[in-house]
Amino acid sequence: MKDSNFIIELSHISKSFGDKQVLDDVSLFVKKGEFVTILGPSGCGKTTLLRILAGFGTADEGEIRIDGKDITSVPPHERPVNTVFQRYALFPHLNVYDNIAFGLKLKKVKDDEIELRVRKALKMVGMTDYEWRDVNSLSGGQQQRVAIARAIVNRPQVLLLDEPLAALDLKMRKDMQMELKDMHKTLGITFVYVTHDQEEALTLSDTIVVMSEGKVQQIGTPTDIYNEPANSFVADFIGESNILNGTMVEDRVVSFMGREWECVDEGFGENAPVDVVIRPEDIYIMAKTDSGMLEGTVQSCIFKGVHYEMTVTTPDGYEIMIQDYNAFEVGQQVSMIIKPSDIHVMHKERTCNTFEATMIDSTHVEFLSTQFVCNEQAGITGGEKVEVEVNFDRIELMDNKEDGMLVGDVRFILYKGDHYHLTVRTFDGDNIYVDTHDVWDDRDIVGVKIMPDDIRIKRV
Amino acid sequence: MKKFFAQAYLWFLLAMLYAPILIIAIFSFTEAKVLGNWTGFSTKLYTSLFSGGVHHSLLSAIENTLIIAIVAAALSTILGSIAAVGIHNLYGRKKAVINTLNNIPMLNPDIITGISLFLLFVSLGITQGYATVILAHITFCTPYVVLCVMPRLQQMNPNIYEAALDLGATPWQALRKVIIPEIKPGMISGFILAFTLSIDDFAVTIFTIGTEGLETLSTYIYADARKGGLTPELRPLSTIIFVTVLILLIVINVRSQRAAKRKEATR
């Protein structure tokens, strides 16, 4: 059933550039008057999605509706949307007035009405009396205001903003955020805002859409996204967090960091592997007492303005980040308490690597476009399609890429308290997930090695 | 001392470069038939150049040259600008290949361009005359226009075309109202360059001008020189062309300097 309140309906949008899939079955519904932010790291597909909405790019698959009308193949100049670009994109040969009047003149609006609307738009963005200025003589912030005025003067049903504040300095950015929020309230237009800045997203939005690798990871209000992240990616991307491996022992009991904890989550089943997320500000820290739930030693303590940020190691070797108003000295023994409601339990997306593979003969198997030696497989003939499983911690990474059986680069690093969980992307675009104690940097090129004993072969 | 020699060397070079032009300019103000004889100051050569009569063929050669230059420059400016926009929107290998293809005609010796166009027109059975000369001039002028327009496009914010579409302009309106005003300075320099290239071309023109008696300035002077001795009226004519080109050059330089200054000021 479709809600008639939806102004934007994006259904099953997919898009590839060459072999690279940038959008993978993205669906998004936006209510009239909503402030929606599409949030994600660079290269997650958020700008591509916005360009498809504006009509500058076409989707390979999927349907776009605005106000109930199918506009999938409508050219940009006939869409009821206007865009504010990251680099302003003002017309350098026109002055401020003519820039803002550009859209209205094309629509053959009467001159005196154009003048009225341009002045109103300028007032809205706080640029009264700038009409006759050369746009090249304006500062970045002023140019962005003109760009916003140029878009809203057309009274679009939807305003698209592509990282509009990314090129401004911090102070200016904060001011403009507030102004944008006010403008959204007064105009009543639907805003679709693209950013990689999670703080900006939390401040401005009614709804946040978190994207990664061309997929929607989570859609929700800022509080939902912050307090109940859907997976470890969202938890890591929004705010600071401790992400740990755990096991759901039973309903309301989860085990991690070497002990069992009371929590509020249910329905994961018994002994299910899970990710546990705890925000650093949700851990209570105090001088060592007997009533603590966990003990540890302070490793570092940094003053961050409002609070102190401390790392504490537990006797079992887990490292956790804590934010608190009180400082504890490095080396001090401390106790910690975590409330059940502050322990966020999430399904693991996967518990081991799974690859589609083909048997070459009884001791060789091919996957990730590479031939691997495996243990003797009785009864499986060459050419048969099989599934290969490899545990995260059984994949070895090498500095020297010639030493590996295949080569990839490190794409995503997640610290799990006592080890790193890495995503390594091969040159063919396949992902390998690796648990390691070694420190790697983003975009490091690594050799990947898998021993025969660690390759589990399953018939399909 | 070292500085003196450096200066003297520079002035010597400049003198060698400009002496022939200066001598022609000076001797354009005397009546002597042979260059080098000074028979007193006179502007008779200038008046007889424009009064026509005897030198009817020279005047028509000038007229032909100007018409060919204006038409060829205008058409190659249009073609070159469209080509530049097209090349600008290509990516990777394709762009590199087309750019190289654009550069080859500029490096190609004129004589080769002339012969190949001559053979093309002959094999297609096209009667040579006005049209073939203009087509030939467009051929070698267009790459220069592309080269003049390209930097303007590269400096342009890539989003402004999309911004125009976004504000309701059709692709054609966006081109007319946003892209063309942005690349106009490049188009003007391209036009002026094409115009001067067309005026002084000889090698390509002689192969494509045909045998119908059509003459441009360069072919006229060539034929005149072979008949023995240059018509004295060519002296005032060369002077006028030199001064015109000098003024054009100054205009172009002042324009680009002003543009650079304006850019500096906005920073």
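The values are calculated or read from the model by the stated rules, or taken from the named source; none is laboratory data. Small disclaimer: the values here were computed from a predicted structure and weren't measured. Cβ: placed from backbone, ideal geometry, glycine included. Neighbour counts: every protein chain shown. Please note that ligands, DNA and RNA were not included when accessible areas were found on the heavy atoms of the full protein model with its side chains. Shrake-Rupley method; radii C 1.70, N 1.55, O 1.52, S 1.80 Å.
Could you tell me what fraction of 2.2 N^0.38 Å the Cα radius of gyration of region A:6-232 comes to, as a two-decimal ratio?
For region A:6-232, the normalised Cα radius of gyration comes out at 1.01.
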Q) In square nanometres, what is the average projected area of the Cα convex hull of region B:19-58? A) 3.1
(Q) For the interface of chains A and B, what total accessible area is buried with a 1.4 Å probe, rounded to the nearest 100 Å²? (A) 1800
(Q) Taking beta carbons within 10 Å but only from partner chains, what does the mean come to for residues A:101-107? (A) 4
Q: Starting from the Cα gyration tensor of region B:87-225, multiply each eigenvalue by 5, take the square root, and state the resulting semi-axes largest first in whole Å.
A: 36, 16, 14
(Q) Taking loop as defined by DSSP and a crowding limit of 11 other beta carbons within 10 Å, which chymotrypsin sites (Phe, Trp or Tyr not before Pro) in region B:86-194 fit? (A) B:TYR91
Q.
Report for region A:6-232 the percent antiparallel among DSSP-assigned beta bridges with both residues inside it, nearest 5.
A. 55
Q) Taking the inverse of the average 1/r across all pairs of different Cα atoms in region B:1-153, what Kirkwood radius in Å do you get? A) 20.1
Q. Please identify the chymotrypsin sites (Phe, Trp or Tyr not before Pro) of region A:1-62 that satisfy two criteria: DSSP loop assignment and at most 13 other Cβ atoms within 10 Å. Which are they?
A. none
**Q.** For region B:1-66 versus region A:223-285, the gap between their alpha-carbon centres in whole angstrom
**A.** 92
Q. Roughly how tilted is helix A:111-124, in degrees to the nearest 10 and between 0 and 90, from the longest Cα axis of chain A?
A. 40
**Q.** Accessible-area value, A:CYS374, 1.4 Å probe, nucleic acids and ligands omitted, Å²
**A.** 10
Q. Highest GNM mean-square fluctuation, chain B, Cα pairs closer than 10 Å: which of B:THR127, B:THR100, B:THR231?
A. B:THR100
Q: Measure up A:LYS120/A:LYS185; A:LYS31/A:LYS171; A:LYS15/A:LYS107; A:LYS46/B:LYS94; A:LYS15/A:LYS215 against 21 Å on the Cα-Cα distance and list the ones that go over.
A: A:LYS31/A:LYS171; A:LYS15/A:LYS107; A:LYS46/B:LYS94
Q) So, in Å, what gap is there between the alpha-carbon centers of region A:20-65 and region B:152-231? A) 43
Q) Do you know which residues of region B:158-193 lose at least 40 square angstrom of accessible area in the protein assembly compared with their chain on its own, with a 1.4 angstrom probe? A) B:ASN159, B:ILE160, B:GLU162, B:ALA163, B:LEU165, B:ASP166, B:LEU167, B:LYS177, B:GLU182
Q. What per residue convex hull volume, in Å³, do the alpha-carbon atoms of region A:353-459 yield?
A. 89
Q. Per residue Cα convex hull volume for chain B, in cubic angstrom?
A. 220
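What percent do you get for the relative contact order of chain A when only Cα pairs under 8 Å and 6+ apart count?
With pairs under 8 Å counted, the relative contact order is 11 percent.
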Q: State the percentage of accessible surface on the protein assembly as shown attributable to carbon and sulfur atoms; use a 1.4 Å probe and exclude ligands, DNA and RNA.
A: 57
Q: Mind telling me which of B:ALA136, B:ALA73, B:ALA223 comes out most flexible in a GNM of chain B, alpha-carbon contacts under 10 Å?
A: B:ALA223
Q. Under the Kirkwood approximation for Rh and a Cα-based Rg, what ratio Rg/Rh is obtained for region A:1-66?
A. 0.97
Q) Taking GluC sites (Glu not before Pro) that fall in a DSSP loop and have at most 16 other Cβ atoms within 10 Å as cut points, what is the longest piece of chain B between them? A) B:32-211
Q.
Suppose all protein chains stay in the model; what accessible area per residue would a 1.4 Å probe give for chain A, in Å²?
A. 47
Q. Among all the lysines, which ones have a C-alpha under 24 Å from B:LYS184's C-alpha, if same-chain residues fewer than 8 places away are not counted?
A. A:LYS105, B:LYS95, B:LYS261, B:LYS263
(Q) I'd like to know which of A:HIS196, A:THR289, B:ALA84 lies farthest towards the positive end of the charge dipole of the protein assembly as shown, counting +1 on Cβ of Lys and Arg and -1 on Cβ of Asp and Glu. (A) B:ALA84
(Q) Suppose every Lys and Arg Cβ carries +1 and every Asp and Glu Cβ carries -1, with no other charges. What dipole size does the protein assembly as shown come out with about its Cα centre, to the nearest 20 debye? (A) 5440
**Q.** Equivalent ellipsoid dimensions for region A:240-347 as semi-axes, Å, which come from the Cα gyration tensor, largest first
**A.** 26, 14, 11
Q. Which value does Rg/Rh take for the protein assembly as shown over its C-alpha atoms, Rh per Kirkwood?
A. 1.13
